[in-house]
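First up is the structure itself, then whatever we jot down about it.
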Amino acid sequence: MNIIDMLTQRESLIAILAAISVAAVVFTFGSGFIVRTEMRDRIKRVALEREKMRAQEMARLRGGAPADSRNIRRGAETKTYMKNVVERFNLRKAFQDDATVEKLAMAGYRGQGHLTTYLFARFVSPLVIFLIAALYTLVMNPGDRPLYLNLVYAIGAGLLGAYLPNVMLKNTTQKRQASIRKAWPDCLDLLLLCVEAGMSMEHAFKRVAREIGQQSAELAEELTLTTAELAFLEDRGRAYENLGRRTGLDGVRSVMTALIQADRYGTSVGQALRVMAEEGREQRMMEAEKKAASLPPKLTVPLILCFLPVLFIVIIAPAMIKVFAGPVASTVGGG
């Protein structure tokens with residue numbers, strides 16, 4: 001028996017799927033421990049980004065050319081073959097648009113290295129999935145289907161694989177936004193306390209980033225990067241706008257707009273933060289009430305499918321036992 005026949009058997013497929021399921025369970029439970037170690041890497045990336053902005057700002061002030069960021073972000077550079085493929089096939093023109101860099105920033109990926117990796121993944125993923133599907137449908141398990149139908153299945157799998165990088169990027173963005181959205185009201189309260197204590201916005205962002213890191217590493221990363229931008233950029237409003245654009249959340253953008261207006265017209269920053277913090281708490285309470293109100297409809301189907309059948313069995317079973325046990329007892333007594 002060759003390896004192809006062994007892999008196409010039902011028992012082998014069941015064993016492979018069971019192994020994949022076990023690996024998925026182990027990864028799911030192990031990812032909770034891996035996330036805790038990402039904080040150091042995030043802070044390291046922010047430090048590299050800060051050094052990059054410092055070098056660019058110093059080069060601009062001196063009137064020279066911008067500093068080469070390759071020496072600063074050496075750890076974030078991609079593999080040479082990825083860069084060669086992107087440049088050879090001109091993937092930037094094919095896949096990159098005006099919103100690509102912004103989408104990557106919303107997912108936490110900044111720099112040319114992550115952009116090159118994303119473009120390479122968009123180009124390679126449909127080809128790899130097509131080859132895997134073709135190998136399975138044409139060699140491992142051709143079945144009784146004609147050749148053209150197997151090729152159609154492989155091409156369809158490849159077309160679906162073209163959307164895989166976008167789906168993964170969207171999933172990462174949603175998880176990041178959920179973490180930032182959850183910790184944002186507490187962040188506003190801490191910012192308000194720091195500003196009312198007499199701190200400047202730079203020191204307030206820096207202090208809050210240090211405290212909020214235990215609750216949301218993503219928000220701490222964004223606040224640390226905003227602190228660096230406030231220190232090196234001439235226009236403070238640009239740093240606030242960058243924070244709102246990187247997060248992609250309406251609540252963060254509204255707060256940044258309020259801070260820009262307060263900085264431009266000289267109004268009280270503490271008053272603006274107090275109003276936005278109250279609105280954030282009210283919005284969080286409204287979301288909690290919305291989730292609580294949507295709970296009864298969500299419980300209807302599990303209640304009908306899981307609870308009511310067991311309840312009916314417990315109530316009706318004694319009566320059914322008596323009904324069916326009566327004729328049997330009378331038959332035995334008459335005999």
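Any read-out appearing in this document is the output of simple, stated calculations on the displayed coordinates, not a laboratory observation. All values reported here derive from a predicted model rather than from experimental measurement. Glycine also receives a Cβ, built like all others from the backbone with ideal geometry; neighbour counts cover every protein chain displayed.
Would you mind checking the pairs 83/206; 175/290; 93/175 and listing those with alpha carbons more than 31 angstrom apart? Mind dumping the intermediate values first?
Working: 83/206 35 Å; 175/290 20 Å; 93/175 29 Å.
From 83/206; 175/290; 93/175, over 31 Å: 83/206.
How long is the gain from residue 298 to residue 231 if the chain were fully straight, where each residue apart is worth 0.36 nm and the alpha carbon distance is subtracted?
Values: separation 67, 0.36 × 67 = 24.12 nm, distance 4.87 nm.
Roughly 19.3 nm would be gained on extension.
Report, by chain and number, residues whose modeled amide H sits under 5 Å from the one on residue 163, excluding near sequence neighbours (fewer than 5 apart, same chain).
Amide H neighbours of residue 163: none.
Can you run phi through the Karplus equation (6.51, -1.76, 1.60; θ = phi - 60°) for segment 276-288 and list ³J(HN,Hα) in whole Hz, with x for Gly and Pro?
Listing the rounded values in order: 5, 5, 5, 5, x, 5, 5, 5, 5, 5, 5, 5, 5 Hz.
For the residue pair residue 139 and residue 28, what label-to-label distance in nm results when each label sits 7 Å from Cα along the Cα-to-beta-carbon direction?
Here the modelled spin labels are 3.2 nm apart.
Hey, with R₀ at 22 Å, roughly what FRET efficiency would residue 286 and residue 253 work out to, going by the Cβ-Cβ distance, to 0.05? Don't skip to the end; give the middle numbers.
Working: r = 18 Å, r/R0 = 0.84.
After rounding, the FRET efficiency stands at 0.75.
Each residue of segment 86-92 in order: what ³J(HN,Hα) in whole Hz does its phi give by Karplus 6.51 cos²θ - 1.76 cosθ + 1.60, θ = phi - 60°, with x for Gly and Pro?
My calculation for segment 86-92 gives 4, 6, 5, 9, 6, 6, 5 Hz in order.
Full-extension gain between residue 174 and residue 200, please, as 0.36 nm times their residue separation minus the C-alpha to C-alpha distance. Walk me through the intermediate numbers first.
Values: separation 26, 0.36 × 26 = 9.36 nm, distance 3.15 nm.
Taking residue 174 through residue 200 to full extension adds about 6.2 nm, to one decimal.
Please give the length that would be gained between residue 98 and residue 128 if that part of the chain were fully extended, namely 0.36 nm times their separation in residues minus their C-alpha to C-alpha distance (nm, one decimal). Each step should come with its number before you reach the end.
Numbers: separation 30, 0.36 × 30 = 10.80 nm, distance 2.71 nm.
Once the chain is fully extended between residue 98 and residue 128, it gains 8.1 nm.
Mind running the shape call on segment 193-335? Use the C-alpha gyration tensor, a ≥ b ≥ c as the square roots of the eigenvalues: rounded below 1.5 for a/c, prolate if a/b tops b/c, oblate otherwise. Can you show the working numbers first?
On the way: a/c = 5.34, a/b = 4.40, b/c = 1.22.
Prolate is the answer for segment 193-335, as a/c is 1.5 or above and a/b outweighs b/c.
R0 = 30 Å: FRET efficiency of residue 80 with residue 162, Cβ-based, nearest 0.05?
Working: r = 25 Å, r/R0 = 0.82.
Once the sixth-power term is evaluated, E becomes 0.75.
For the peptides 200-213, 264-277, 227-240, 80-93, what is the packing order when you average, over each peptide's residues, the other Cβ atoms within 10 Å and list the highest mean first?
Values: 200-213: 19.0, 264-277: 15.2, 227-240: 17.4, 80-93: 13.3.
Averaged packing, sorted descending, gives the order 200-213, 227-240, 264-277, 80-93.
What list of ³J(HN,Hα) values in whole Hz, one per residue of segment 250-263 in order, does the Karplus curve 6.51 cos²θ - 1.76 cosθ + 1.60 (θ = phi - 60°) give from phi, with Gly and Pro shown as x?
5, x, 5, 5, 5, 5, 5, 5, 5, 5, 5, 5, 5, 6
Which FRET efficiency value, to the nearest 0.05, do you get for residue 214 and residue 268 by plugging their Cβ-Cβ distance into 1/(1 + (r/R0)^6) with R0 = 51 Å?
With R0 = 51 Å, the Cβ-Cβ based efficiency is 0.95.
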